[in-house]
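The values are calculated or read from the model by the stated rules, or taken from the named source; none is laboratory data. Quick caveat, the model's predicted, so the values are computed rather than measured. All Cβ positions, even for glycine, are placed from backbone atoms using ideal geometry, and neighbour counts span all protein chains on display. These area figures cover heavy atoms from the full protein model, side chains too; ligands, DNA and RNA do not enter into them. Shrake-Rupley method; radii C 1.70, N 1.55, O 1.52, S 1.80 Å.
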Amino acid sequence: MTNRQIAAQETRRKIVEAAKKIICEKGLANTSVDEITEACGVAKGSFYTYFKRKEEIVFELSRGMFDEILSNAKNHSGTFLDKLQKYMTEFASYIEKSSVKLTQEWIKNVVVPETIPNGYENNKLEIDLNNTIDLLQYGVETGELQKDSPVTQLAYIITDLLYGQMLCWCMSNGTYSYEKRTQEFCKMSLYPLFKNYLINKEI
């Protein structure tokens, strides 16, 4: 990688980090490109080198970090249910730390699909569903889940649960911990949900 490429990568990172901080505090609608570029110390024109409009920042935040969460879950030691719990609780933890306002922007993206910027094929719900399918399929491939496991149907259940809890958390204005609520679900319900599909009936 050349020095110019490294500098460009760093500028892009600064823009994304500054945007995330402001959006978390004020919401996307109340955030301007001028505020973002001023906060990270770059020229306004630099913003448009990397993003066509500010809405693309929300997609950027919703893609990169959640791919990392999926990778962390796959590499987590322990049983398949440990991996799935890792995925779900890290998902909830990142959402909670990102703030209610940013989460509301993600939900808006799902509810109002025309807000999807050009160049982004899937909205956040589709990204998260595909990641959950990926993790469950990984369980099949590694011999932890039975080959005939209904991967897609199980992924829908997990994703519905995460999004339902996310919505309730937003409606409460973050008055309780989304991460802890997810941990409670995992402890009580993951084994009953998956016990018929596990190769080893671990608890």
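First obtain the Kirkwood hydrodynamic radius of segment 1-100 from its Cα pairs, then insert it into the Stokes-Einstein equation at 37 °C and 0.692 mPa s, and state the resulting D in µm² per second as a whole number. Write out the running numbers ahead of the final one.
On the way: Rh = 15.1 Å.
Answer from the Stokes-Einstein relation: 218 µm²/s.
For the pair residue 35 and residue 183, the difference between a 0.36 nm per residue extended length and the Cα-Cα distance amounts to 49.6 nm.
Straight-line cross-link partners of residue 147 among the aspartates and glutamates, defined as a Cα under 16 Å from its Cα and at least 8 positions apart when in the same chain: 134. Checked against a 22 Å cut-off, the cross-linked pairs 74/195; 83/180; 20/54; 124/195 give Cα-Cα distances beyond that limit for 124/195.
Among the listed pairs 52/187; 44/108; 97/187, give every one whose C-alpha distance is greater than 32 Å. Walk me through the numbers on the way to the answer.
Values: 52/187 43 Å; 44/108 26 Å; 97/187 22 Å.
Those over the limit are 52/187.
When the alpha-carbon atoms of segment 35-75 are used, the pair Rg, Dmax equals 13.7, 40 angstrom.
Ranking request for peptides 91-97, 157-163, 142-148: highest mean number of other beta-carbon atoms within 10 Å first, then the rest in descending order.
Working: 91-97: 19.6, 157-163: 17.4, 142-148: 13.7.
Those peptides, ordered most packed to least, come out 91-97, 157-163, 142-148.
Count Lys and Arg as plus one, Asp and Glu as minus one, and take only other residues whose Cβ is under 14 Å from that of residue 34; the net charge is then +2. Of interest is the spacing of the C-alpha centroids, which for segment 132-177 and segment 14-36 amounts to 29 Å.
By accessible area, using a 1.4 Å probe on protein heavy atoms only, segment 8-64 has 46% of its surface on carbon and sulfur. Listed by chain and number, the aspartates and glutamates whose alpha-carbon sits under 14 Å from that of residue 86, ignoring those within fewer than 8 places in the same chain, are 67, 68, 179, 184.
Quick check for you: with a 1.4 Å probe and neighbouring chains kept, what is the accessible area per residue of the chain, in Å²? Mind dumping the intermediate values first?
Working: 10770 Å² over 203 residues.
Per-residue accessible area for the chain comes out at 53 Å².
Taking the structure as given and computing Cα extents along the principal axes in Å, which label from (1) 63, 35, 34; (2) 57, 44, 28; (3) 49, 32, 31 fits? Only one option fits the structure, namely (2). Computed extension gain for residue 171 through residue 200, at 0.36 nm per residue and net of the alpha carbon distance, reaches 6.6 nm.
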